[in-house]
Amino acid sequence: MKRYSVLIMSLVLFLGCGTVYSDVAAVGDQAPDFALRDIFKKEHALSDYGGKFVVLEWTNYDCPFVRKHYDSRNMQNLQQTYGDKGIIWLSINSSAPGKQGHYGSETWIELVDQEKASPAAVLLDPDGTVGRRYGAKTTPHIFVINPEGILIYKGAIDDKPSTNVTDVKTAKNYLTAALDEAMAGQAVSNAATEPYGCSVKY
Amino acid sequence: MNWVVGVTRVFLLWLAFAVAWQGEVSATVDEYPPVEAELVSEVLSVRPEEPFWVALHLKMGKGWHTYWINPGEGGLATKVEWRLPDGIEAGPLQWPYPVKFETAGIVNYGYEGEILLLSEMKAPASLKDGDSFKIGARAEWLACKKICIPGNAELKIKFVVRDLNSGRRNRWAETFDKIRTELPSDFPGWKVGANAEGRKIRVLLEPSVRSAARLKEVYFFAEDKAVIDYSAAQKFLKKGNVYYLSLVKAEAAAKKAPSRLRGVLVSQTGWEKGRPEKALKVDVPIQ
């Protein structure tokens, strides 16, 4: 009997470890639900947007890689274009208090206005819970969730890891490729890529 | 009148001092620039047909780091674009093995303090005693501490041609010697293999000579992106005569499995008794 309980305990521990391991959202998994407040203090849950495509864009306006995509207006154009097509675009900032890219709501409102950014919402994740759950490593780091709530893309915004604004034009944009394929009912051919950028300032 | 001039002078002096002092303070606060870059040479002069080593020397401010050929999770590899005179050819950029930085679970590969990124130059036979030429480079890097600042520089170094046998090593030569021991090398006394199973990539290391060092701690730096999961633990164990290092495949490699494992294995106890090199060059098929 004792031997069995040891066996069961080890099995529980083993399975437990397995759960910890798979805790980070992977492509093909049900995207973990979350609830975060936006810069206007309004709460958004992922489950609010069931039935729609959702883009999660990890961001830090002070990171040179993010600057590349905002100074070139690439990111704003994507937010506008896909927003018009009914896609829910959520920018998320996981910078911890005191770290780069962390701002209070009022400053955020000004910054978003200055950038002329138009995501559906800018969500604040100062304790990094949602960032860690999704395995967000860099800014930018892009995630796409389909109307069934499945994570269908995770990775870089494009294939040119650099801070040069001029690279935006010649880069192959993985996000638009994934969204266009998925919205046309096709499988995403490049569903996981290696992200590039600044590290998320957890 | 004199009194007014005097006061004005004192005021102007004070103003100049205050401005200078403020400039000083903000420079300290921003620690800018975080990186100093220059081109350095191992030799004082060049001989026709004799290869010579040139390097990009990066000196990072305290706490700042720049990145290896594969920066890991985030970051950006330093880039060197040579501007060479006719007849001079640059060999591939040689990267000393990096160190691993881990901040809040995010893993990066790079360098702190000072580093040389080396290249071996080929000199043509047509060089004449007394000739001089310049080698230039555009260097681009990303330096990070708590924040990241991209930097770049147009650099130049001048060479003269002297057909001398000795007295050609300059003050950098010792640093070149030291850095060369940090470049990944081949150790024929070790058999290296790799195989994949599910999400795991297993590296096998088998010593075939008696002079092989005993391994205690080994870490693999992958040279290619989208091959291994950088933040997954690397498990090292010994079974009989063979060592195993277990890596986790990158999520981005889930669909299209990588066919080769390329990079650097660093052993804290080295690879061969009596040799200082810690970095073993890995370039093997994944079976």
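The values are calculated or read from the model by the stated rules, or taken from the named source; none is laboratory data. Every value quoted in this text rests on a predicted model; they were computed, and no experiment measured them. Every residue, glycine among them, receives a Cβ derived from its backbone with ideal geometry; neighbour counts consider all protein chains shown.
A few points about this structure:
- Residue count, the stretch B:173-226 (criterion: free of Cβ contacts under 8 Å to residues at least 24 places away in the same chain, over 15 Å from B:LYS238 (Cβ atoms) and of a type in the set (Lys, Arg)): 2
- Options B:ALA123, B:ALA173, B:ALA153; residue that is within 30 Å of A:ASN60 (Cα to Cα), surrounded by 14 or more Cβ atoms within 10 Å (Cβ to Cβ) and among the aliphatic types (A, V, I, L, M): B:ALA153
- Qualifying residue in the stretch B:163-181 (condition: in a loop (DSSP other than H, G, I, E, B), among the hydrophobic types (A, V, I, L, M, F, W, C) and over 25 Å from B:GLY113 (Cβ atoms)): yes
- Taken together, the residues in the stretch B:54-94 that are part of a loop (DSSP other than H, G, I, E, B) and surrounded by fewer than 24 Cβ atoms within 10 Å (Cβ to Cβ) amount to 12.
- Residue within the stretch B:11-31 that is in contact with a Lys or Arg (Cβ under 8 Å, 6 or more places away or on another chain), closer than 30 Å to A:LYS160 by Cα, modelled with pLDDT of 95 or more and not hydrophobic (A, V, I, L, M, F, W, C) present: no
- Single unsatisfied condition, B:VAL209 versus (1) aliphatic (A, V, I, L, M); (2) at pLDDT 95 or above; (3) surrounded by fewer than 14 Cβ atoms within 10 Å (Cβ to Cβ): (2)
- Total residues in the stretch A:159-202, condition closer than 19 Å to B:ALA253 by Cβ and either touching a strand residue (DSSP E or B) at 6+ places or on another chain (Cβ under 9 Å) or away from chain B (no Cβ under 14 Å) (or both): 15
- Enumeration of residues in the stretch B:62-74 that are within 11 Å of another protein chain (Cβ to nearest Cβ) and modelled with pLDDT of 95 or more: B:TYR67, B:ASN70, B:PRO71, B:GLY72, B:GLU73
- Output for the stretch A:124-158, where each listed residue is of a type in the set (S, T, N, Q) and within 13 Å of chain B (Cβ to nearest Cβ): A:THR129, A:THR138, A:THR139
- Qualifying residue in the stretch A:95-110 (condition: crowded, with 21+ Cβ neighbours inside 10 Å, within 14 Å of the chain's Cα centre (by Cα) and farther than 20 Å from B:LYS145 by Cβ): no
- Only one of the numbered conditions (1) away from chain A (no Cβ under 14 Å); (2) over 26 Å from B:SER45 (Cα atoms) is not met by B:ASN108, and that is (1).
- Of all residues in the stretch A:74-102, those being in contact with a helix residue (DSSP H, G or I) (Cβ under 9 Å, 6 or more places away or on another chain) and either in a strand (DSSP E or B) or charged (D, E, K, R) (or both) number 7.
- A single member of A:PRO147, A:PRO140 is surrounded by fewer than 20 Cβ atoms within 10 Å (Cβ to Cβ) and closer than 25 Å to A:LYS42 by Cβ, and it is A:PRO147.
- Among residues of the stretch B:116-152 being among the charged types (D, E, K, R) and within 14 Å of chain A (Cβ to nearest Cβ), the one that is nearest to B:TRP64 (Cα to Cα) is B:LYS145.
- Put simply, of B:LYS146, B:LYS134 the only residue that is over 30 Å from B:SER208 (Cα atoms), of a type outside the set (A, V, I, L, M, F, W, C) and part of a loop (DSSP other than H, G, I, E, B) is B:LYS146.
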